[in-house]
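Data block below; observations after.
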């Protein structure tokens with residue numbers, strides 16, 4: 001299969017105001033792509049759009065979108081494809097985190113997380129897929145996590161959402177292949193990537209003490225070995241080759257191997273190493 005062409009293409013990215021989404025927008029623009037960017041952070045969107053225009057001379061449209069709202073995602077898809085009729089790349093990246101073990105958060109909080117991390121991916125895929133099928137070649141990228149491959153204690157909600165993204169993405173990829181669709185799909189499993197997700201995580205309503213978001217962010221940064229630009233570059237390489245599964249970071253590759261070797265007992269090997277990992 002030919003390499004995916006970035007020069008002259010257009011991409012839609014959710015969660016584009018910061019972290020991996022922002023880095024992907026910059027990397028794609030540097031490779032000659034126009035971008036339609038969505039996030040709940042309007043100021044962050046305006047900042048990245050200005051940087052893309054100034055540094056790369058590419059077009060960047062922005063739209064404030066809550067991926068938990070089906071209507072907003074549908075409107076984003078309609079506006080993005082109207083602005084960029086050649087749009088052929090969609091990256092469902094928006095995500096959130098929730099602190100606490102299963103009995104330390106309520107079901108409404110878990111529903112909030114699932115609505116963004118999982119249903120946001122499903123909604124984004126559903127909204128853009130009809131247009132993507134009209135293109136000679138197109139690609140979808142759904143961001144899962146290494147916690148969509150292993151499920152650490154303290155990550156019931158987050159792992160549930162990321163395993164769901166993985167299952168949905170793999171099944172859809174198989175359906176697209178069986179129908180000889182021009183659309184291909186990658187599911188991404190980042191390990192520790194230095195973003196603000198830990199600092200912005202919500203605390204479970206049943207936690208006995210309110211966690212310090214700054215301390216949690218610092219702890220996460222100490223174990224996260226990969227920068228957002230490095231993650232974006234790896235994802236871009238995966239898109240270019242249309243890799244079905246993209247692991248990001250040596251930690252993700254190691255944990256994936258351990259899970260495959262000890263699928264029912266990996267936690268006995270990992271529990272101590274995860275004591276200080278919060279997200």
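Taken together, the values in this text are just the output of simple stated rules run on the coordinates, not laboratory data. Predicted model, so just to flag it, every value in this text is computed and none were measured. Because the Cβ atoms are built from the backbone with ideal geometry, glycine has one as well, and the counts that use them run over all protein chains shown.
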### Task
Order these peptides, 83-96, 44-57, 11-24, 64-77, by their mean beta-carbon neighbour count within 10 angstrom, highest first.
11-24, 83-96, 64-77, 44-57
#### Entry: Evaluated at q = 0.17, 0.18, 0.19, 0.20 Å⁻¹: base-10 log I(q)/I(0), Debye formula over Cα of the range 50-208
-1.06, -1.15, -1.23, -1.30
### Query
Between the helical axis of 119-132 and the dominant principal axis of the chain, each derived from Cα atoms, what acute angle in degrees is found, rounded to the nearest 10?
20
### Task
Provide the gained length on full extension for the span residue 233 to residue 205, in nm with one decimal, where the gain is 0.36 nm per separating residue minus the Cα-Cα distance.
6.4 nm
### Query
Computed on alpha carbon atoms, what radius of gyration and Dmax characterise the chain, expressed in Å?
18.1, 55
### Cα centroid separation - the range 75-129 against the range 220-279, whole Å
21
### Task
Round to the nearest 10 and give me the degree value, 0 to 90, for the angle of helix 70-83's Cα axis relative to the longest principal axis of the chain.
30
### Query
In nm, to one decimal, how far is the modelled label at residue 41 from the one at residue 2, with both set 7 Å along Cα→Cβ?
3.7
### Query
To the nearest 0.05, how large is the calculated FRET efficiency for residue 153 and residue 111 if R₀ is 30 Å and r is the Cβ-Cβ distance?
0.90
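Kirkwood hydrodynamic radius of the range 160-250 from all distinct Cα pairs, in Å?
For the range 160-250, the Kirkwood estimate is 15.4 Å.
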### Per-residue [θ]222 nm for the chain (sum of -39500 (n - 2.57) over DSSP H runs n ≥ 4, rounded to 500)
-15000 deg cm²/dmol
### Summary
Stretched fully, the stretch from residue 53 through residue 269 gains (0.36 nm per residue minus C-alpha distance, one decimal, in nm) 73.0 nm
### Message
Between residue 212 and residue 240, how high is the FRET efficiency from 1/(1 + (r/R0)^6) when r is the Cβ-Cβ distance and R₀ = 30 Å? Nearest 0.05.
### Response
0.15
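Suppose we take every Cα in the range 33-113 and form the convex hull; what volume per residue is that in Å³? Don't jump to the answer; show the numbers that get you there.
Numbers: hull volume 8.9 nm³, N = 81.
With only Cα atoms used, the range 33-113 gives 110 Å³ per residue.
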### Query
Relative to the longest principal axis of the chain, what angle (0 to 90°, nearest 10) does the C-alpha long axis of helix 250-261 take?
70
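Could you list 114, 178 so that the one with the fewest beta carbons within 10 Å of its beta carbon is first and the one with the most is last? Can you show the working numbers first?
Values: 114 18, 178 8.
Ascending number of Cβ neighbours within 10 Å: 178, 114.
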### the range 1-143 shape via C-alpha gyration tensor axes, a/c threshold 1.5
prolate
### Query
Which percent of Cα pairs goes in each bin when the distances of the range 218-272 are cut into 10 angstrom slices starting at zero?
21, 40, 32, 7
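Could you tell me the relative contact order of the chain? Use alpha-carbon pairs under 8 Å, at least six residues apart, and round to a whole percent.
On the way: 535 pairs, mean separation 54.9, N = 279.
Reported relative contact order: 20 percent.
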